[in-house]
Amino acid sequence: MCGIVGYIGSKSAVDILLNGLTSLEYRGYDSAGIAVCIDNQVELYKAEGKLQNLKDIVSAQKTHIEKSSIGIGHIRWATHGAPTTANAHPHSCNCGKVAVVHNGIIENYKELREKLEKQGCTFRSQTDTETVAHLVASKYAVTKDLTEAVRLATKEIEGAYALCIIHQDVKNTIVATRRNAPLLVGIGDNEFYLASDVPAIIEHTKKAMYLDDNEIVTLTPNSLLYIDSDNNKLTPKIEILPWEPVALSKMGYKHFMLKEIHEQPDVVRNVLSGKLRAIDENVRLDEVTLNQDKLKVLNRIQIVACGTSLHAAMIGKYIIEDLCGIPVDVEPASEFIYRRTITDKNTLVIGVSQSGETADTITAVRQAKALGSHILIVTNRPDSTMAREADSLVPVNAGIEVSVAATKSYMAQVISFYLLAIYLAERASKRVETNDLNKLKHELIVLPQKIEEILAHKEGIQACAKKFANAKDFIFIARGINFATALEGALKLKEISYINATGYTAGELKHGPIAMLDESMPVLSILMNGKVYEKILSNSEEAKARNARMIALTNSTDSKLDDLFESIIRIPDIDEMISPALAIVPLQLLAYYIAEFLGKDVDQPRNLAKSVTVE
Ligand code: AGP
């Protein structure tokens, strides 16, 4: 969701900006723009739609634009105002001397706009961001100091922002600041980069510093001034970024999503590595700081998350309750934050987030922290806001995920929940026999080979995708621990193919959804050997009796299934408790092949953003 890139140094800025924006494309956007400074004039270039439209505009004037060695760039995911060129960032003020790019939402923009209009400012867009450009310009007119102008402007702004600002009267300078939206400064030799995420700068430098809320940085090619909102000087905390540029290559796959699905066997191995060292050793989670005193008083777990992370959380609930006997509630973060919750110091609150930057989840864990709960974050980004504010951390180590549709990060979250549940069972509960825990550990260790087996035999899934690609709707049914798999399978399909797909607990089908069944409706039953196998089989019979087109995803070799199901996707046998980690793989592939067959933009589906940094 929105992406920022900035550069100041001695190189030409334009390619750095455009390449940086290209590497942020995965976040989801609908317009793009850059601002550069040439012959002491700020110039803006903007386009609606794909970044290629902006690249075409820029390439027509490349020899002129490449003269600038300073610039800021942006991809916008529309919140206030349609995705038009006028609403694209950067935004400017009346005199055109200021350029601003912004991620986040200025909540009091209406009041600010009214005030600024009364002072003579003319607005050219419907965005909240344009108020910042006018506000900074008006502060600069008084202070003649860009850092001070930005500092004073942020005192009047309410909401969330990462901002990069240039002013043509303040040569070779970028001022940047943030509140509740990520921003980092990449450090090179007599040059600096700014970005809302690592991929935008990683090919240039691995040295960087993250800004915290309300901090301001003023960059020139050879100086960095770092202050807080009260004008106190701060000392930069420089970190080495963990990412490898190779993560951003498709490595021969047609789409990042397909590459990321194929990375899952190694992702499982990575998550287990160092944490599950031997079957007869306790699971180690080095960054979990729950000591025995805290564990003794722990009487409840509350998990908050959104989207795919919420589905991983549902599996987490199931496993923790089963292995530890501790009651676990799971709630979408966006619901949790708008009701009276009853978390307290005896509640462990777990936030799950691939990006660690999802606004609703950040707000939810902050609220719980204020009520005294211990906050544990399960995230793929140990450098994120959530991770940095956590009491305990479970880094899921999936590596950078580029495709908007989460696949390998979901796998890593699910595996992390198995480890967390076993960790808690080994320390806080003696409910499950050591032998049974050891069996689960064994199943986790052999899981990568089973995923590899599915990936090596994708033809059946491809054929099934082709057969059902023209369906208008899709129903996924499951029971027990795999209900979350049904929801996640349906989410993957709707996200990238735009087919209306819904997951139901199979037992609920006859309480309403069965009314929708006829010969045009595919129903995919997730039928794993175990406690609920026979039950789902009967629910599938009920659906078949209403002429639905039946598909089975199963680890059963039962030949009776051949009569009931039009298509059968078979997967290797696996313990029911671990089965969600295996069953999701063919569903990711099914969604992928259907979307690809329909010619959809698999890695960047319409309207979606990778990291939803606004509420
Ligand atoms: C997953 O395919 C989606 N892109 C989306 O549901 C995502 O899981 C959700 O926005 C939460 O993001 P997070 O894990 O980064 O917090």
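The values are calculated or read from the model by the stated rules, or taken from the named source; none is laboratory data. These numbers come from a predicted model, not from an experiment. Neighbour counts run over all protein chains shown; Cβ positions are idealised from the backbone, glycine included.
Quick one: how many residues across the stretch 289-317 are farther than 22 Å from D344 by Cα and more than 16 Å from the ligand (Cβ to nearest atom)?
0
Looking at the stretch 541-556, which of the residues that are of a type in the set (K, R) and without any contact (Cβ under 8 Å) to a residue 40 or more places away in the chain is surrounded by the fewest Cβ atoms within 10 Å (Cβ to Cβ)?
R546
Taking the residues in the stretch 38-67 that are over 30 Å from P605 (Cβ atoms) and in contact with a helix residue (DSSP H, G or I) (Cβ under 6 Å, 6 or more places away or on another chain) as candidates, determine which candidate is surrounded by the fewest Cβ atoms within 10 Å (Cβ to Cβ).
Filtering first and then ranking leaves E66.
Mind listing just one residue for me: the one in the stretch 348-373 that is away from the ligand (no atom under 13 Å from the Cβ) and crowded, with 21+ Cβ neighbours inside 10 Å and, of those, nearest to the chain's Cα centre (by Cα)?
Taking the stretch 348-373 and keeping what is away from the ligand (no atom under 13 Å from the Cβ), we get 348-349, 366-373.
Going one step further and asking which of them are crowded, with 21+ Cβ neighbours inside 10 Å, we end up with 348-349, 368, 373.
Values: L348: 23, V349: 19, A368: 21, S373: 24 Å.
Out of the qualifying residues, it is V349.
Kindly provide the set of residues from the stretch 524-541 that are out of contact with any Ser or Thr (no Cβ under 7 Å at 6 or more places or on another chain) and among the hydrophobic types (A, V, I, L, M, F, W, C), ordered by number.
L524, V532, L537
Give the stretch 332-355 a look and list any residue that's in contact with a Ser or Thr (Cβ under 6 Å, 6 or more places away or on another chain) and modelled with pLDDT under 95, or say none.
I337, T343, S355
Is there a residue being of a type in the set (A, V, I, L, M, F, W, C) and touching a Pro at 6+ places or on another chain (Cβ under 6 Å) anywhere in the stretch 276-295?
For the stretch 276-295, residues of a type in the set (A, V, I, L, M, F, W, C) and touching a Pro at 6+ places or on another chain (Cβ under 6 Å): absent.
Got a sec? Which of S520, S538, S559 is in a helix (DSSP H, G or I), surrounded by fewer than 16 Cβ atoms within 10 Å (Cβ to Cβ) and polar (S, T, N, Q)?
None of the other options fit; the residue is S538.
Mind listing whichever residues of the stretch 158-197 are crowded, with 24+ Cβ neighbours inside 10 Å and in a loop (DSSP other than H, G, I, E, B)?
A181, P182, L183, S196, D197, listed by residue number.
Limited to the stretch 574-615, what total is found for residues that are assigned to a helix (DSSP H, G or I) and farther than 22 Å from K467 by Cα?
4
In the stretch 323-331, is there at least one residue being modelled with pLDDT of 95 or more, among the small types (G, A, S), surrounded by fewer than 24 Cβ atoms within 10 Å (Cβ to Cβ) and more than 15 Å from the ligand (Cβ to nearest atom)?
no
Taking the criterion of being touching a residue at least 40 places away in the same chain (Cβ under 8 Å), closer than 20 Å to L163 by Cβ, in the same structural domain as A160 (by TED's automatic domain parsing) and hydroxyl-bearing (S, T, Y), would at least one residue in the stretch 34-45 satisfy it?
No, the stretch 34-45 has no match at all.
Pairs only if they're at least six apart or on different chains, beta carbon under 6 angstrom, first in the stretch 354-376 and outside any helix (DSSP H, G or I), second basic (K, R) and away from the ligand (no atom under 15 Å from the Cβ); list them, first residue then second.
Close Cβ pairs (under 6 Å, with a partner that is basic (K, R) and away from the ligand (no atom under 15 Å from the Cβ)) amount to G372/K345; I375/K369.
Being under 14 Å from V101 (Cα atoms) and among the hydrophobic types (A, V, I, L, M, F, W, C) is the filter; apply it to the stretch 28-37 and report the residue that is surrounded by the fewest Cβ atoms within 10 Å (Cβ to Cβ).
Per the criteria, the residue is V36.
When only residues in the stretch 198-217 that are more than 14 Å from I240 (Cα to Cα) and under 21 Å from the mean Cα position of the chain (by Cα) count, which is surrounded by the most Cβ atoms within 10 Å (Cβ to Cβ)?
Step one: list which residues in the stretch 198-217 are more than 14 Å from I240 (Cα to Cα), which gives 200, 211-217.
Going one step further and asking which of them are under 21 Å from the mean Cα position of the chain (by Cα), we end up with 200, 211-213.
Numbers: A200: 28, L211: 22, D212: 15, D213: 14.
That would be A200.
When only residues in the stretch 277-308 that are touching a helix residue (DSSP H, G or I) at 6+ places or on another chain (Cβ under 6 Å) and of a type outside the set (A, V, I, L, M, F, W, C) count, which is nearest to L487 (Cα to Cα)?
Once the filter is applied, the top-ranked residue is T308.
When you scan the stretch 468-475, do you find a residue that is of a type in the set (V, I, T) and either under 25 Å from the mean Cα position of the chain (by Cα) or closer than 24 Å to L537 by Cβ (or both), even just one?
Keep residues of the stretch 468-475 that are of a type in the set (V, I, T), which gives 475.
Filter once more, keeping what is either under 25 Å from the mean Cα position of the chain (by Cα) or closer than 24 Å to L537 by Cβ (or both): 475.
Yes - at least one qualifying residue is present in the stretch 468-475.
Could you list, ordered by first residue, the pairs with Cβ atoms under 6 Å in which the first is in the stretch 273-292 and closer than 11 Å to L420 by Cα and the second is of a type in the set (F, W, Y), at least 6 apart or interchain?
Sorted first by the residue in the stretch 273-292, then by its partner, the pairs are V283/Y423; L285/Y423.
Test K450 against the stated conditions and say whether it is more than 27 Å from the chain's Cα centre (by Cα), farther than 13 Å from Y592 by Cα and among the charged types (D, E, K, R). Don't jump to the end; show me each part of the working.
Details: more than 27 Å from the chain's Cα centre (by Cα): no; farther than 13 Å from Y592 by Cα: yes; among the charged types (D, E, K, R): yes.
It is false that K450 is more than 27 Å from the chain's Cα centre (by Cα), farther than 13 Å from Y592 by Cα and among the charged types (D, E, K, R).
Among the helices (runs of 4 or more DSSP H) confined wholly to the stretch 1-98, which include 2 or more residues that are under 25 Å from the mean Cα position of the chain (by Cα) and either among the small types (G, A, S) or at positive phi (or both)?
13-24
Could you look through the stretch 386-395, keep only residues that are in a helix (DSSP H, G or I) and more than 11 Å from the ligand (Cβ to nearest atom), and pick out the one that is surrounded by the most Cβ atoms within 10 Å (Cβ to Cβ)?
For the stretch 386-395, the residue satisfying everything is A387.
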